[in-house]
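*Asks:* Attaching a single structure in structure tokens format; questions to follow.
The values are calculated or read from the model by the stated rules, or taken from the named source; none is laboratory data. The structure displayed is predicted, hence computed values, not measured ones. Quick reminder, even Gly has a Cβ in these numbers, built from the backbone with ideal geometry, and neighbours come from all protein chains shown.
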Amino acid sequence: RKRNPDEKEFLQATREIFDSLRPVFAKHPEYIRNGILERITEPERIISFRVAWEDDKGKVHVNRGFRVQFNSDLGPYKGGIRFHPSVNSSIMKFLAFEQIFKNALTGQPIGAGKGGSDFDPKGKSEREIMRFTQSFMTELSKHIGPDIDVPAGDIGVGKREIGYMFGQYNRLKGGYEAGVFTGKDPNHGGSLGRKEATGYGTVYFVEEMLNEHNLSFKDSTVIVSGSGNVSTYAIEKAQQLGAKVVACSDSSGYIYDKNGIDLNTVKRLKEVEQKRIWEYTKEHPEAEYYDNCSDIWSIPCDIALPCATQNEIDEMAAHILIANGLKALGEGANMPCTIEAIDIFLENGVLFAPAKAANAGGVAVSAMEMSQNSMRLGWTSEEVDERLKTVMSNIYESCKSAAEQYGEPDNLVMGANIAGFLKVADAMVAHGIR
Ligand code: NDP
């Protein structure tokens with residue numbers, strides 16, 4: 001706290017971990033002796049840089065770029081790139097910190113990082129996006145590589161931006177290093193199933209949790225916030241499992257369709273035409289649009305899947321969801337619930353799937369993309385999906401068993417934090433104090 005006084009998101013993320021780890025330190029003083037807590041909360045390296053670019057009218061703009069290389073004890077730094085005006089060092093550090101535990105939970109050989117810029121892609125032309133990403137990568141390329149640091153997408157960064165960054169990296173290196181980026185277009189070096197992986201994985205994880213309590217997505221009413229990459233494929237899988245998804249959103253507002261969201265319309269509006277979510281009501285007049293996205297949680301539902309951004313569910317939203325009969329919540333986004341909201345859910349018996357575990361499917365399939373790139377071959381969608389299901393099921397089992405072992409069965413927040421921590425902490429002890 002003294003060292004990072006203004007970094008509220010980072011402090012929130014570290015506090016949540018520390019709260020869970022108390023029983024671990026009581027049982028394993030060797031972690032204290034090895035300074036694991038102090039070391040695991042200090043990034044190995046933070047790179048911050050100027051990104052200057054010219055808009056279509058010739059005006060020069062300057063944004064700030066970041067890459068937080070947080071921990072490399074389990075493998076090369078791995079984590080997405082976010083382009084959003086809210087990006088700052090606290091948000092980058094919290095995301096990279098969470099990535100340590102999430103990546104460890106996947107069981108894949110990947111360390112943790114995160115990067116991005118306060119650049120706002122909204123309203124920019126295709127060429128402006130290209131110029132910006134090329135300028136961003138010109139600096140970032142000095143710090144990444146297939147065995148060093150392998151970025152991917154996140155908010156505001158999809159396959160188009162990844163394509164431009166990947167192209168610029170290879171241009172600067174004078175070759176073709178397929179494994180330097182994941183989330184690439186499957187036609188150009190990417191993995192089938194990566195686009196769907198985070199959303200599908202979240203639903204697979206939540207389905208495991210529901211089944212354990214004799215519940216399921218089938219015939220449940222579901223709300224998914226956001227309408228980006230994670231949300232779209234969470235909606236798709238929930239619908240495939242028989243749920244009725246009645247609402248989704250963007251940062252301007254939310255739509256409510258009591259008949260169930262028509263996903264084809266959402267996909268076309270968001271993935272192809274890059275329009276706002278309110279336009280859904282033009283084609284579906286029975287649906288309603290409300291222009292405050294955080295009110296989406298006032299709609300009654302059985303299962304809530306926050307898939308937009310951090311801190312979208314606070315204490316008040318948690319109380320409303322519970323009063324309306326919420327049974328389960330799966331975090332598709334990173335840290336979408338405040339600590340207070342999580343406590344309220346756990347105290348009220350809501351089944352709670354924490355982000356570090358529930359949304360790890362994306363990075364797990366990214367690691368599979370790295371394997372395919374190294375082997376110079378590609379797996380089918382079915383193969384990737386089977387592997388994703390297995391990874392999500394294994395993550396669920398390790399969270400559950402850690403929670404049971406440390407005396408709080410059903411507390412998957414604690415289970416995920418402990419299981420992820422133990423894996424990295426043991427590697428840190430083995431690698432010596434550094
Ligand atoms: P996208 O950019 O594809 O979509 C983000 C969605 O959330 C959009 O609908 C966006 O609306 C909305 N949104 C963004 N910021 C805000 C905000 N401040 N308030 C309200 N709504 C907002 O991003 P992703 O789907 O990739 O990522 C969503 C979340 O999932 C993030 O927390 C990310 O870190 C996490 N995540 C993503 C993974 C991935 O594989 N992509 C992997 C693991 C976690 P608008 O279009 O109006 O901005």
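*Asks:* Of all residues in segment 170-212 being closer than 14 Å to Asn359 by Cβ and hydroxyl-bearing (Ser, Thr, Tyr), which is nearest to the ligand (Cβ to nearest atom)?
*Replies:* Restricting to residues being closer than 14 Å to Asn359 by Cβ and hydroxyl-bearing (Ser, Thr, Tyr), the top hit is Thr198.
*Asks:* Another question about this same structure. List the helices (runs of 4 or more DSSP H) inside segment 1-47, counting only whole elements, that have at least 3 residues being in contact (Cβ under 8 Å) with a residue 24 or more places away in the chain and within 17 Å of Phe70 (Cβ to Cβ).
*Replies:* On the way: elements: 8-27, 29-33, 36-40.
Helices (runs of 4 or more DSSP H) meeting the threshold: 8-27, 36-40.
*Asks:* Looking only at residues in segment 293-311 that are closer than 22 Å to Thr281 by Cβ and out of contact with any strand residue (DSSP E or B) (no Cβ under 8 Å at 6 or more places or on another chain), which one is surrounded by the fewest Cβ atoms within 10 Å (Cβ to Cβ)?
*Replies:* Restricting to residues being closer than 22 Å to Thr281 by Cβ and out of contact with any strand residue (DSSP E or B) (no Cβ under 8 Å at 6 or more places or on another chain), the top hit is Ser294.
*Asks:* Looking at Asp56 and the list (1) in contact with a Lys or Arg (Cβ under 7 Å, 6 or more places away or on another chain); (2) crowded, with 18+ Cβ neighbours inside 10 Å, which single condition is not satisfied?
*Replies:* It fails just one condition, (2).
*Asks:* Regarding segment 118-133, can at least one residue be identified that is at pLDDT 95 or above, buried (at least 18 other Cβ atoms within 10 Å of the Cβ), within 16 Å of the ligand (Cβ to nearest atom) and closer than 30 Å to Glu386 by Cβ?
*Replies:* Among the residues of segment 118-133, not one is at pLDDT 95 or above, buried (at least 18 other Cβ atoms within 10 Å of the Cβ), within 16 Å of the ligand (Cβ to nearest atom) and closer than 30 Å to Glu386 by Cβ, which makes the answer no.
*Asks:* I'd like the residue in segment 402-414 that is farther than 15 Å from Lys27 by Cβ and out of contact with any Phe, Trp or Tyr (no Cβ under 7 Å at 6 or more places or on another chain) and, out of all such residues, is surrounded by the most Cβ atoms within 10 Å (Cβ to Cβ). Lay out the reasoning, then the answer.
*Replies:* Going through segment 402-414, the residues farther than 15 Å from Lys27 by Cβ turn out to be 409-413.
From what's left, out of contact with any Phe, Trp or Tyr (no Cβ under 7 Å at 6 or more places or on another chain): 409-411.
Numbers: Pro409: 13, Asp410: 16, Asn411: 21.
Looking at residues that are farther than 15 Å from Lys27 by Cβ and out of contact with any Phe, Trp or Tyr (no Cβ under 7 Å at 6 or more places or on another chain), I get Asn411.
Residues checked against (1) in contact with a Ser or Thr (Cβ under 6 Å, 6 or more places away or on another chain); (2) closer than 18 Å to Lys356 by Cα; (3) of a type outside the set (A, V, I, L, M, F, W, C); (4) assigned by TED's automatic domain parsing to the domain that holds Gly163:
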residue	(1), (2), (3), (4)
Trp53	yes, no, no, yes
His61	no, no, yes, yes
Ser72	no, yes, yes, yes
Lys78	no, yes, yes, yes
Ile81	no, yes, no, yes
Met92	no, yes, no, yes
Ala96	no, yes, no, yes
Phe101	no, yes, no, yes
Ala104	no, yes, no, yes
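*Asks:* Scan segment 151-166 and give yes if some residue there is in a loop (DSSP other than H, G, I, E, B), touching a residue at least 60 places away in the same chain (Cβ under 8 Å), of a type in the set (D, E, K, R) and crowded, with 18+ Cβ neighbours inside 10 Å, otherwise no. Outline the logic, then answer.
*Replies:* Taking segment 151-166 first, the residues in a loop (DSSP other than H, G, I, E, B) are 153, 155-156, 158.
With the extra rule that they be touching a residue at least 60 places away in the same chain (Cβ under 8 Å), the set shrinks to 153, 155-156, 158.
Next, from what is left, pick out any that are of a type in the set (D, E, K, R): none.
No, every residue in segment 151-166 fails to be in a loop (DSSP other than H, G, I, E, B), touching a residue at least 60 places away in the same chain (Cβ under 8 Å), of a type in the set (D, E, K, R) and crowded, with 18+ Cβ neighbours inside 10 Å.
This table checks each residue for (1) part of a loop (DSSP other than H, G, I, E, B); (2) within 19 Å of the chain's Cα centre (by Cα).
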position	(1), (2)
Val62	no, no
Asp73	yes, no
Ile81	no, yes
Phe136	no, no
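*Asks:* Under the condition of being over 17 Å from Ala234 (Cα atoms) and within 16 Å of the ligand (Cβ to nearest atom), which residue from segment 317-349 is surrounded by the most Cβ atoms within 10 Å (Cβ to Cβ)? Give the steps one after another, and end with the answer.
*Replies:* First pass over segment 317-349, keeping only residues over 17 Å from Ala234 (Cα atoms): 317-327, 337-349.
Of the ones still in play, those that are also within 16 Å of the ligand (Cβ to nearest atom) are 317, 337-338, 341-342.
Working: Ala317: 21, Cys337: 28, Thr338: 19, Ala341: 24, Ile342: 21.
My answer is Cys337.
Okay, residues lined up against (1) without any contact (Cβ under 8 Å) to a residue 24 or more places away in the chain; (2) assigned to a helix (DSSP H, G or I):
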residue	(1), (2)
Met335	no, no
Lys356	no, yes
Val384	no, yes
Thr390	yes, yes
Tyr396	no, yes
Ser401	yes, yes
Ile433	no, no
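*Asks:* Identify the residue in segment 1-46 that is more than 21 Å from the chain's Cα centre (by Cα) and aliphatic (A, V, I, L, M) and, among all such residues, is surrounded by the fewest Cβ atoms within 10 Å (Cβ to Cβ).
*Replies:* Checked segment 1-46; the qualifying residue surrounded by the fewest Cβ atoms within 10 Å (Cβ to Cβ) is Ala26.
*Asks:* Checking Ile418 against (1) assigned to a helix (DSSP H, G or I); (2) in contact (Cβ under 8 Å) with a residue 12 or more places away in the chain; (3) under 20 Å from Asn211 (Cβ atoms); (4) not acidic (Asp, Glu), which test does it fail?
*Replies:* All conditions are met except number (3).
*Asks:* Here is a list of conditions, (1) at positive phi; (2) part of a loop (DSSP other than H, G, I, E, B); (3) of a type in the set (Gly, Ala, Ser), and Gly116 meets all of them except one; can you say which number that is?
*Replies:* Just one mismatch for Gly116, condition (2).
*Asks:* Hey, any hits in segment 405-418 for a residue that's more than 16 Å from the chain's Cα centre (by Cα), outside the structural domain of Cys301 (by TED's automatic domain parsing) and among the hydroxyl-bearing types (Ser, Thr, Tyr)? Step through it out loud before you land on a result.
*Replies:* Step one: filter segment 405-418 for residues more than 16 Å from the chain's Cα centre (by Cα), giving 405-412, 414-415, 418.
Narrowing further to those that are outside the structural domain of Cys301 (by TED's automatic domain parsing): 405-412, 414-415, 418.
After this cut, where a residue has to be among the hydroxyl-bearing types (Ser, Thr, Tyr) as well, the list is 406.
Among the residues of segment 405-418, at least one is more than 16 Å from the chain's Cα centre (by Cα), outside the structural domain of Cys301 (by TED's automatic domain parsing) and among the hydroxyl-bearing types (Ser, Thr, Tyr), which makes the answer yes.
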